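Everything on this sheet refers to the single structure shown next.
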Amino acid sequence: MEANNTRLLVDCGLYQERELRYRNWAPFSIPPHTLDAVLLTHAHIDHCGLIPKLVRDGFKGRIYCTTATSEIAQIILLDSAHLQEEDAEFKRRRHEREKRRGSFPEIPLYTVADAKASFPLFTPLRYGEAVQIGEGVRASFHDAGHVLGSSMIKVEVSQEGGNRTILFSGDVGRWDRPILRDPSVFIETDYVVVESTYGDRVHEDSPDISDSLAEIVNSTWKAGGNIIVPSFALQRSQEVLYYLNELLNEDRIPHIMVFLDSPMAVAITEVFKRHSELFDKKMSHLMLEKRSPFDFPGLKMVQTVDESKAINHISGTVMIIAGSGMCTGGRIKYHLVTNISRRESTILFVGYQAIGTLGRQIVDGARKVRILGQHYPVRARIAQIQGFSAHADRDELLTWLSGLKSAPRRVFIVHGEPEAAQRFGEFVRERTGWQISVPEYGTEALLE
Ligand SMILES: [Zn+2]
């Protein structure tokens, strides 16, 4: 976004989709040194993952975001840089062995040093605090209800002849979710840039999360097996702990040991603990009563590989929450190896499993799976709890937009699969009669 000779970038994400990964390697379409600031909505990798590259390639401005986003993004960027380095090394060896070249260079997209070099530019803000970015350009961050620290960003521009407000939705969260406050609603703006991840879908009514979780824990405990939960490090793991804590407080499940076995999830949980000012009423109340979901009896935060291996020697039922969320890497693979062929254990999925991942194979009912190079028959119970989504669906996105009391000059639909974005655009146009644009990648628009 450009106004009054100030250039802003809203988010700077990494492409994870195989067919779009080439964009990660392309030079930025705007020379990074000409940008004045980055406004970062939240710490998910598809929103912050290219920041180290941006800084390495010449960006010298500030990166504005909430304090929690700043802390979580740094954890995630370091992890991403490690993965980039490992990946490059792995490819280099493989190509050397096979005497061929891949489609991308065998160098890391960015290094740990690049990631660390970006950290001093992070400039944390509080929700609601307005910051002057340039002459006549101000920005403020507001609760998005998506993940800890996530924001919607309001940019106000004053120019001769009038003022304009542009609202960036970031990823829109959901109402009445645990831990976080609800998404902010705005009553007026001139322009909206809104995401459309679930723009063509409506979350199905799913059974109550607490009831499902209680049933799974109780029946696995009776059978004498373990409960293995592949989970994402940010938000999902903390929500699982939240529901477990609630069930324990209500005496609805036995006092089993629960292991959060992911250094990244443990580090992010520490950020949650430091930022109780971001919690909703119910969660704040729990903290006041000293019934924190991040400290309940039996909960163990696992750091080292040795500690992780030691879990195998515990007899009786334990729950292990580990990454990665789709079983594509991380410690979850080792726990699957020891449990997936045990009839008495349960593999519990709490998140979306993308096509082509090990998690998806298991959810789809594979009888045998390959993990770490070996085949294992699937005999454990495979369970899934729906309803954990952190994304507003089509109707919730419309509810969010409908907070606006008068028609904005234009709504831009972004950040969804092309079809989801198109269909959401048509849906909003039909329901509101507003001016809607679904821009293609790389197009420019003049805001008047
Ligand atoms: Zn997100």
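Structural remarks
- The range 101-191: GluC sites (Glu not before Pro) in DSSP coil with no more than 13 other Cβ atoms inside 10 Å: GLU129, GLU135, GLU160, GLU188
- Fraction in percent of alpha-carbon pairs per bin - 5 Å, the range 188-260: 3, 12, 19, 19, 15, 9, 7, 7, 4, 3, 2, 0
- Charge sum, other residues only, whose C-beta stays under 12 Å from ALA265's C-beta, Lys/Arg counted +1 and Asp/Glu -1: -2
- For ILE166, the shell of other residues with beta-carbons less than 9 Å away shows a net charge of 0, using +1 for Lys and Arg and -1 for Asp and Glu.
- Mean shadow area of the range 1-154 over all directions, Cα convex hull, nm²: 9.2 nm²
- Full-stretch length increase - ILE371, SER341 - with 0.36 nm per residue and alpha-carbon distance subtracted: 9.6 nm
- Rounded to the nearest 20 debye, dipole of the range 286-328 from Cβ charges on Lys, Arg, Asp, Glu: 60 debye
- Distance distribution P(r), the chain, all Cα-Cα pairs, bin width 10 angstrom from 0: 4, 19, 29, 27, 15, 5, 1, 0 percent.
- Of the GluC sites (Glu not before Pro) found in the range 277-333, those in coil by DSSP whose Cβ has at most 13 other Cβ atoms within 10 Å are GLU289.
- All Cα-Cα distances of the range 137-259, cut into 10 Å bins from zero to the largest, leave 11, 31, 26, 17, 10, 4, 1, 0 percent in each bin in turn.
- Its residue count N sets the reference 2.2 N^0.38 Å, and the alpha-carbon radius of gyration of the range 263-373 equals 1.25 times that reference.
- Per residue of the chain, the DSSP helices (runs of n ≥ 4 H) give a summed -39500 (n - 2.57) that works out to -9500 deg cm²/dmol at 222 nm.
- Full extension of the chain between SER402 and ASP87 yields a length gain of 109.0 nm, computed as 0.36 nm times the residue separation minus the alpha carbon distance.
- Here the simple spin-label model places points 7 Å from the Cα toward Cβ, and for GLU129 and LYS273 these points are separated by 2.4 nm.
- Virtual paramagnetic centre 7 Å along Cα→Cβ of ASN218, amide N under 18 Å, in the range 243-258: 243-257
- Applying a threshold of 24 Å to the alpha-carbon distances of LYS333/LYS368; LYS282/LYS333; LYS116/LYS154; LYS53/LYS300; LYS60/LYS116 flags LYS282/LYS333; LYS116/LYS154; LYS53/LYS300 as lying beyond it.
- Cβ charges +1 (Lys, Arg) and -1 (Asp, Glu), total dipole of the chain, debye: 1580 debye
- Modelled label reach - GLN422, point 7 Å along Cα→Cβ, the range 367-409 residues with backbone N closer than 19 Å: 394
- Counting protein heavy atoms only, the range 48-162 has 48 percent of its accessible area on carbon and sulfur, 1.4 angstrom probe.
- Residue-by-residue Karplus 3J(HN,Hα) for the range 299-308, coefficients 6.51, -1.76, 1.60, Hz, glycine and proline x: 7, 10, 8, 9, 9, 7, 5, 4, 4, 5
- Residue-count net charge about ASP11 - beta-carbon cut-off 12 Å; Lys, Arg +1, Asp, Glu -1: -3
- Fully extending the segment from ILE355 to ASP205 would add 51.7 nm, taking 0.36 nm per residue of separation and subtracting the current Cα-Cα distance.
- Ranking PHE119, PHE259, GLY224 by how far each Cα lies toward the positive end of the dipole of the chain (charges on Cβ) leaves GLY224 at the top.
- Beta bridges per DSSP with both ends in the chain, % antiparallel, nearest 5: 40 percent
The values are calculated or read from the model by the stated rules, or taken from the named source; none is laboratory data. Quantities reported herein were computed from a predicted structural model and do not represent experimental measurements. Virtual Cβ from ideal backbone geometry, glycine too; neighbours counted across all protein chains shown. Each accessible area value is taken on the protein alone, full model and side chains, heavy atoms only, with ligands, DNA and RNA left out. Shrake-Rupley method; radii C 1.70, N 1.55, O 1.52, S 1.80 Å.
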